[in-house]
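The values are calculated or read from the model by the stated rules, or taken from the named source; none is laboratory data. From a predicted model like this one, the values you see are computed outputs, not experimental measurements. Every residue, glycine as well, gets a Cβ built from its backbone with ideal geometry; the counts of neighbours run over all protein chains shown. The accessibility values were calculated without ligands, DNA or RNA, using every heavy atom of the protein model including side chains. Shrake-Rupley method; radii C 1.70, N 1.55, O 1.52, S 1.80 Å.
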Amino acid sequence: AKKQWIAAFAENGIRSRDQLSAGMQHARSSESPFWPSPGQFIAWCKQGVIRSFGLPEEGELYDMVMKYSAERGYYESPERYPWKSNACWLMVTKLYSEMRGLNLTEAELKKRCGKELNAMSKRLEAGEEIPAPVVMLPKLHMPVSNEKELDKIAELRAKLNMPRKGDNHG
């Protein structure tokens, strides 16, 4: 049995004392009189690591994406939204973009929330520093008059030896 548990830990990336400690903490607080299966214990280890980094749980992350989706229009930019953490900013904006771009169902988005949490916890476990939201520079569009636009087009046509509209060459 010991070999099976060790193999299960290795197969699922449970390699640190912190991970095992998180699983044991959950097991001690569980009201079940039975010891969990290796799969359940591994899930507890992973959840504990996610919580230790201050990351939300899957359901909470899903709710954050939905709340952002509903409220994002109230803010000048995604970076101005009141994020709980830098990691939440990255995860929620990524999941929101995927939800919109791929037209994800609720079930698909919830599944991606779990994957995103695991990916973020691995980044944090590896010691990666998650950057703060950076406000993107606004696009500075300087409106010009139609006359100036037509002059610019004529200039480009002349450079490319293209006849102007209405010119008869023949």
Q. Mind checking the angle between helix 86-102 and the chain's longest principal axis? C-alpha axes, 0 to 90 degrees, to the nearest 10.
A. 60
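Mind scanning Lys84/Lys122; Lys3/Lys94; Lys84/Lys111; Lys46/Lys67 and naming the pairs with a C-alpha gap bigger than 30 Å?
Numbers: Lys84/Lys122 19 Å; Lys3/Lys94 39 Å; Lys84/Lys111 21 Å; Lys46/Lys67 25 Å.
In this structure, Lys3/Lys94 exceed 30 Å between Cα atoms.
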Q | Per-bin percent of Cα-Cα distances, the chain [10 Å] | A | 8, 25, 22, 14, 10, 8, 6, 4, 1, 0
Q. Roughly what would the spin-label model give for Trp5 and Glu79, points 7 Å off Cα along C-beta, in nm?
A. 4.9
Q | Accessible surface ranking that places the most exposed of Phe41, Phe53, Phe9 first, with a 1.4 angstrom probe | A | Phe53, Phe9, Phe41
Q) What accessible surface, in Å², does a 1.4 Å probe find on Ser97, ignoring ligands, DNA and RNA and rounding to the nearest 10? A) 70
Q. Which order do Arg17, Arg80, Arg51, Arg28 take by accessible area at a 1.4 Å probe, largest first?
A. Arg17, Arg28, Arg80, Arg51
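Rolling a 1.4 angstrom probe over the protein heavy atoms, how many square angstrom per residue are accessible across the chain?
Working: 12700 Å² over 170 residues.
Computed with neighbouring chains in place, this is 75 Å² per residue.
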Q.
On C-alpha positions alone, give me the angle between the axis of helix 38-52 and the longest principal axis of the chain, in degrees, nearest 10.
A. 60
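Ignoring ligands, DNA and RNA, what percent of the 1.4 Å accessible area of the chain is carbon and sulfur?
Details: 6760 of 12700 Å².
After summing per-atom areas, the C and S share lands at 53 percent.
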(Q) Need the list of lysines near Lys148 for cross-linking: C-alpha distance under 26 angstrom, and skip anything on the same chain fewer than eight residues off. (A) Lys139, Lys159, Lys165
Q. So how tilted is helix 58-71 from the main axis of the chain? Cα-based, degrees 0 to 90, rounded to 10.
A. 30
Q: Give the Cα extents of region 47-93 along the principal axes, in whole Å, largest first.
A: 35, 18, 12
